[in-house]
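Visitor: My structure is below; once you've seen it, I'll send some questions.
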Amino acid sequence: MGRVDGKVAIVTGAAKGIGAISAKLLAKEGAKVLCTDLDEDAGQAVADEITRAGGEALFARHDVVDEAQWERVVALAEEKFGGLHILVNNAGIAPEPSMIEDKPLEHWRHTIAVDLDSVFLGCKHGIRSIKKSTAKGGPDGSIINVSSILGLVGQPGASDYNAAKGGVRLLTKSAALECAQAGYRIRVNSVHPGYIRTPMVQSVIDKGEIGGMQMGANEVVEMLTMLHPIGRLGAPEDIGNGIVFLASDESAFMTGAELVIDGGYTTR
């Protein structure tokens, strides 16, 4: 308990999956959390659950590709909680698989917007807000960008997702260097989950298609499990615990780093 006491966090895509568990775990460890998502009912339910458990949380509807909404959300955190110290750029989509030669340009651009442009906007406005706190002697800031194993290795049919998540990886390093050079006391790191049992991954399982191959849902689960040497798919808590670590002072000597939490997927 208390690993992020007194800190204020924004978690995007907080209505379900990794975002929801990260918001809950940060609140459990003492942070005040602004949960944001397009899914108002589910997002509000997460904030309400945190409050019932004795934590502090609010929900705000948030389209992460809209810069004006980023400005509004950051201002809300400052207004309601007194500042910002932690930003978890988690919101994203898993697009329908398609080969490059068949992929419509508008589909490519939509994936890049949601999975990469949103992280740029989050870093831009997160840094602007967090540096105000650190400049006044507040605690060090932390920005955590949720990438993917597919930001490290390729997969057929996922060129747009690979490009976006790989972009998040290198954007993170650029932001980390800029913050360090400017003396902002803001660390910026990326997280690279393997396949996690979230609604997003469940949709992949239900569709029965991965790597350009069509199969039954049970076969997809078996195949994905075999790709993880540890012998199972991940749980949202596996990633949430890593995010809390990066948000806390326990990771004070980490910036521009890749925290790979993938059950060994990328070791093959």
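Bear in mind that the values in this text are calculations on the coordinates, not laboratory data. Since the structure is predicted, the reported quantities are computational estimates derived from the model, not experimental observations. Backbone-built Cβ (ideal geometry, glycine too); neighbour counts: all protein chains shown.
Visitor: Please report, in debye to the nearest 20, how large the charge dipole of region 155-262 is about its Cα centre when each Lys and Arg carries +1 at its beta carbon and each Asp and Glu carries -1 there.
Guide: 280
Visitor: Now, a different point. Straight-line reach from Lys173: which lysines fall under 24 Å, measuring Cα to Cα and dropping same-chain residues less than 8 apart?
Guide: Straight-line reach from Lys173, under 24 Å: Lys7, Lys124, Lys131, Lys132, Lys165.
Visitor: Also, quick follow-up: Note the angle between two axes, namely the Cα long axis of helix 159-182 and the longest principal axis of the Cα atoms of the chain, as a number of degrees from 0 to 90, rounded to the nearest 10.
Guide: 20
Visitor: Oh, and also: Arrange Ser147, Ser248, Ser203 by Cβ neighbour counts within 10 Å, fewest through most, would you?
Guide: On the way: Ser147 29, Ser248 20, Ser203 11.
Starting with the residue having the fewest Cβ neighbours, the order is Ser203, Ser248, Ser147.
Visitor: To make sure I understand the rule: partners must be lysines, Cα under 20 Å from the Cα of Lys207, and not fewer than 8 residues away in the same chain. Which ones qualify?
Guide: Those lysines meeting the cut-off are Lys16, Lys103.
Visitor: Hey, another quick one. Expressed as a whole number of Å, what is the distance separating the alpha-carbon centroids of region 192-247 and region 45-70?
Guide: 25
Visitor: Just grab the label-to-label distance for Met99 and Asp41, each label 7 Å out from Cα along the Cβ direction, in nm (one decimal).
Guide: 4.0
Visitor: I'd like the distance separating the alpha-carbon centroids of region 93-110 and region 1-28, in whole Å.
Guide: 31
Visitor: Something else about it: Let me know the charge dipole size of the chain about its Cα centre in debye, to the nearest 20, where only the beta-carbon of Lys, Arg (+1) and Asp, Glu (-1) is charged.
Guide: 920
Visitor: If Lys and Arg each add +1 and Asp and Glu each add -1, what is the summed charge of the other residues whose beta carbon sits under 13 Å from the beta carbon of Cys35?
Guide: -2
Visitor: Helix-only mean residue ellipticity at 222 nm, the chain, DSSP H runs n ≥ 4 weighted -39,500 (n - 2.57), per residue, nearest 500. What is it? All intermediate terms of the calculation are to be shown ahead of the outcome.
Guide: Details: 9 runs with 121 residues, N = 268.
It lands at -14500 deg cm²/dmol.
Visitor: Expressed as an acute angle from 0 to 90° and rounded to the nearest 10, what is the orientation of the C-alpha long axis of helix 40-52 relative to the principal long axis of the chain?
Guide: That helix lies at roughly 50 degrees to the long axis.
Visitor: Expected output is a single nm value to one decimal: the length gained when fully extending between Lys173 and Asp63, i.e. 0.36 nm times separation in residues minus the C-alpha distance. What is it?
Guide: Answer, rounded to one decimal: 37.2 nm.
Visitor: Say each of Glu78 and Glu237 gets a label point 7 Å from the Cα, pointing the same way as Cα to Cβ; how far apart are those two points in nm?
Guide: Rounded to a tenth, the inter-label distance reads 3.8 nm.
Visitor: Okay, moving on. Give me D for region 8-267 in µm² s⁻¹, whole number, from Stokes-Einstein with Rh from the Kirkwood sum over alpha-carbon pairs, 37 °C and 0.692 mPa s.
Guide: 179
Visitor: I'd like the antiparallel share, as a percent to the nearest 5, of DSSP beta bridges with both residues in the chain.
Guide: 5
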